[in-house]
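A.B. asks: Could you have a look at this structure, given as structure tokens, before my questions?
All of the numbers you see were taken from the coordinates with simple rules; none came from a lab. Because the structure is a prediction, the values reported are computed rather than measured. All Cβ positions, glycine included, derive from the backbone under ideal geometry; neighbour counts span all protein chains shown.
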Amino acid sequence: MVTLSNSKGKAMARSPAGPAWANLESHHRWLKDEEERLLRFHERHALESTVGFAPLDRDGTPRSESPRELYATARIVHCFSLAHLCGRPGAAAIAEHGLWAMTHEFVDKENDGWFASVSRAGAAIDDTKSAYAHAFVVLAASTAIQAGFAGGEELLDRADRIIDLRFWHDDEGAMVDSFSASWELLEPEYRGQNANMHLTEAYLGAFEATGNEKFLRRAERISELIVVRNGEPWNWRIPEHFDSSWAAVPAYNIDKPADPFRPYGSLIGHWLEWARLVLQLHALPEARAEWAPAAARELFAAAVRDGWDEEHGGLVYSVDFDGSVVNADRMHWAMAEAVGAAVYLFRQTGAPAYEGWYREFWSYISRSVMDRQAGSWWHQLDASGTPSFDVWPGKPDLYHAYQATLFARADPSVGLATAARKGLIR
């Protein structure tokens, strides 16, 4: 038996038998089959909308009247740019369709920047300028550059300029959260980790796409602010919400534990996402993140300590800052990030326990999260494992699940886009 222990001493044992799944060609074939199933679900109607991509219902039917969200469009562009790099015919047309929408339809032509959402006709529905969504523009543009798509460099340059001008506060080493359409700062006293976490991912992609060291240094600064400054002091339960001095506000939205973007408590999936991201950061030869492997191990240990349900399986959505469960629902994206954290830690340490958890996570996903009849993954399950729809009415998201099928097949020393471009995804 192999035992993985966190800094509090609680044991989390997994004893995998036989060769590591993460290294098996047969397991890679299974991952490729799941990759194919996910892409088929999301590509079926992708080009039917004149503006961006309509969100999909539970059976994959487009919800034609629903808003087109900027962040969701950017995620599709990122995913199908990766798919194109991996040799998927037809993926380029889908990525370029989304790039067109981001370059033309989502743009605020009067004030610059991008609207958070637009209608099927391209009219602004939510004219907020969201840091979260702008971070995904950077990610999509960076992956599009590596895929060789026209307009990727111009899109990244524009997004970089706007973030520098409006969102980035260099004295803080992070972004503010949101503006009005005319660039009035909304909630001046609020800072959020979620948008900055995704900007970290986007900046890592931008650095690999361009070689511009500014992106790498900013990824380091955000990571240090969120993970180093707020890791160990909170027992690795990373706070979601902060004030303008970046002091945690642990009671924020205490009456809204299921808020889609600003829930109360600390989100298990984000600890795991950070574990993967800081390991990706650490792997870059130019990075200055000696602290990252130890932090990743602590974040992972805290996640399985507080989040894993030994009786029913799955990771709870959120916990309080003493580790008690706030929201016991299971989110598909948290399971996808668990897969990534486990395999990256296994590659980094060689410890069999991480490979054991990798198997555990995929086994739960296969058993409970995959919808094998209608396709894709159930985005949300309640504590008993029954599909729930409090956050998403359908299955609009591809990004987390698709990346989960790539993590074990990709060279962990580079990002997914670079690995795909260099033929380092098996």
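A.B. asks: Simple spin-label model, 7 Å along Cα-to-Cβ: ASP322 to LEU165 in nm?
C.D. replies: It works out to 4.9 nm between the two label points.
A.B. asks: For labels at SER26 and ASN111 in the simple 7 Å Cα→Cβ model, what's the distance in nm?
C.D. replies: 5.8 nm
A.B. asks: Which loop-located GluC sites (Glu not before Pro) does the stretch 70-166 contain, where loop means any DSSP state but H, G, I, E or B and the Cβ has at most 11 other Cβ atoms within 10 Å?
C.D. replies: GLU110
A.B. asks: Per residue, what volume in Å³ does the convex hull of the Cα atoms of the stretch 1-132 enclose?
C.D. replies: 179 Å³
A.B. asks: What FRET efficiency comes out for the pair GLU65/ALA251, r = Cβ-Cβ distance, R0 = 35 Å, nearest 0.05?
C.D. replies: It comes out at approximately 0.40.
A.B. asks: Let me ask something else about it. For the chain: lysine pairs with Cα atoms under 30 Å, gap of 8 or more or different chains, count?
C.D. replies: Going through the chain pair by pair, I get 10.
A.B. asks: Looking at (i) 251; (ii) 159; (iii) 128, which value of volume of the Cα convex hull per residue in Å³ comes from a calculation on the structure shown?
C.D. replies: Answer by label: (iii).
A.B. asks: Find the relative contact order for the chain and round it to a whole percent, using C-alpha pairs within less than 8 Å whose residues are 6+ positions apart.
C.D. replies: 18 percent
A.B. asks: Any idea how far apart SER119 and ASP157 come out in nm if each label point goes 7 Å out from Cα toward Cβ?
C.D. replies: 3.4 nm
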